[in-house]
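K.L.:
Could you have a look at this structure, given as structure tokens, before my questions?
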Amino acid sequence: MGTEFELKYRAVPEQIAAIRDAFGPFREISMETTYYDAPDRSLSARKWTLRRRLENGVSICTLKTPGTGDVRGEWETECGTISDAIDELCKLGAPAALAELTAAGLVEVCGARFTRLACLIGDAGCKVELALDQGVLLGGGREIPLCEVEAELKEGSETAAVAFAKGLADKFGLVPETASKFKRALGLAENQK
């Protein structure tokens, strides 16, 4: 199974600028994300997130499933359409139920459009991708600002990654963000705050 371990923080543009100045060099990635669900909402009922994201124009399709703590199941493939990606994600080890749950088709439910500044940081005991995201979350014909910092473990110890992220949060006054981009955009689409 693919896994993802990341810590996410709310930020404001001034915090993003200060972090950008303290680390780097960063690569810039233009992100356009569309989140999908089955017509009966069976994916979100399982807390699964299915998305297609254009990353500097390259189509990457991803399924995320709940895990324990800050760890989630994650499978991704480069694929032109989300429909074509379903079989590929299952071949990579995503739950076989994905094909069954999406057999009736998929509907777009919400999205995000943002710029990510990303860099790899080697810290004692781990390698972390530091991502600075700024843009908007989209849902229900509305949009809200997105400004956050992510620290995603790429290799090494989860404990070391947590220590790095906590030090970053303390130094720059970041507040933990417990809701995913999808959950916040879905809330917007469903007319929630």
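Coordinate-derived values only; no laboratory data. Treat the numbers as computed from the prediction; the structure is a model and nothing was measured. Quick reminder, even Gly has a Cβ in these numbers, built from the backbone with ideal geometry, and neighbours come from all protein chains shown.
K.L.:
Among Ala151, Ala97, Ala165, which one shows the highest mean-square fluctuation when the chain is modelled as a Gaussian network with alpha-carbon springs under 10 Å?
P.N.:
Highest fluctuation among the options: Ala97.
K.L.:
Find the relative contact order for region 3-189 and round it to a whole percent, using C-alpha pairs within less than 8 Å whose residues are 6+ positions apart. Each step should come with its number before you reach the end.
P.N.:
Values: 398 pairs, mean separation 50.7, N = 187.
Dividing the mean separation by the residue count of region 3-189 yields 27 percent.
K.L.:
Among Ser30, Ser59, rank each residue by its count of other Cβ atoms within 10 Å, from fewest to most, as a rough exposure measure. Could you put the intermediate results ahead of the total?
P.N.:
Numbers: Ser30 13, Ser59 17.
Arranged by neighbour count, lowest to highest, Ser30, Ser59 become Ser30, Ser59.
K.L.:
Return the Rg/Rh value of region 80-193, two decimal places, where both radii are evaluated on C-alpha atoms and Rh is the Kirkwood radius.
P.N.:
That ratio is 1.04, to two decimals.
K.L.:
Return the distance in nm (one decimal) between the two label points of a simple spin-label model at Val58 and Asp70, each offset 7 Å from Cα along Cα→Cβ.
P.N.:
Computed distance between label sites Val58 and Asp70 equals 2.6 nm.
K.L.:
Now for a different question. When the convex hull of the C-alpha atoms of region 1-106 is computed, what volume per residue in Å³ does it have?
P.N.:
So the per-residue Cα hull volume is 128 Å³.
K.L.:
Okay, moving on. Let me spell out the model: positive unit charges on the Cβ of Lys and Arg, negative unit charges on the Cβ of Asp and Glu, origin at the Cα centre of the chain. What dipole size does that give, in debye rounded to 20?
P.N.:
On the way: 24 positive and 30 negative charges, 92 e Å.
So the dipole magnitude of the chain works out to roughly 440 debye.
K.L.:
Any chance you could run the full-extension gain for Asp84 through Val136? It's 0.36 nm times the residue separation minus the Cα-Cα distance, nm to one decimal.
P.N.:
16.0 nm
K.L.:
Work out the FRET efficiency for Glu108 and Ser157 from their Cβ-Cβ distance, taking R0 = 35 Å, and round it to the nearest 0.05.
P.N.:
The formula returns an efficiency of 0.40 here.
K.L.:
Related question: Strictly greater than 20 Å: what percent of every Cα pair in the chain meets that? Show your work: numbers first, answer last.
P.N.:
Values: 10439 of 18528 pairs.
More than 20 Å apart: 56 percent of the Cα pairs in the chain.
K.L.:
OK, next. Give the residues of region 110-126 whose amide nitrogen is closer than 18 Å to a point set 7 Å from the Cα of Lys166 in the direction of its Cβ.
P.N.:
Counting backbone N atoms under 18 Å from the label point, the list is 123-126.
K.L.:
Taking neighbour counts of Cβ atoms within 10 Å as a proxy for exposure, in what order, fewest first, do Cys147, Cys61 appear?
P.N.:
Numbers: Cys147 18, Cys61 23.
By the 10 Å Cβ count, ascending: Cys147, Cys61.
K.L.:
May I ask for the angle, rounded to the nearest 10°, between helix 13-22 and the longest principal axis of the chain, with both axes built from Cα atoms and the value confined to 0 to 90°?
P.N.:
So the inclination is approximately 60 degrees.
K.L.:
Would you calculate a helix-derived [θ] at 222 nm for the chain, using -39,500 (n - 2.57) for each DSSP H run of n ≥ 4 and dividing by the full residue count, to the nearest 500? Kindly include the intermediate steps, with their values, before the conclusion.
P.N.:
Details: 6 runs with 53 residues, N = 193.
That comes out to -7500 deg cm²/dmol.
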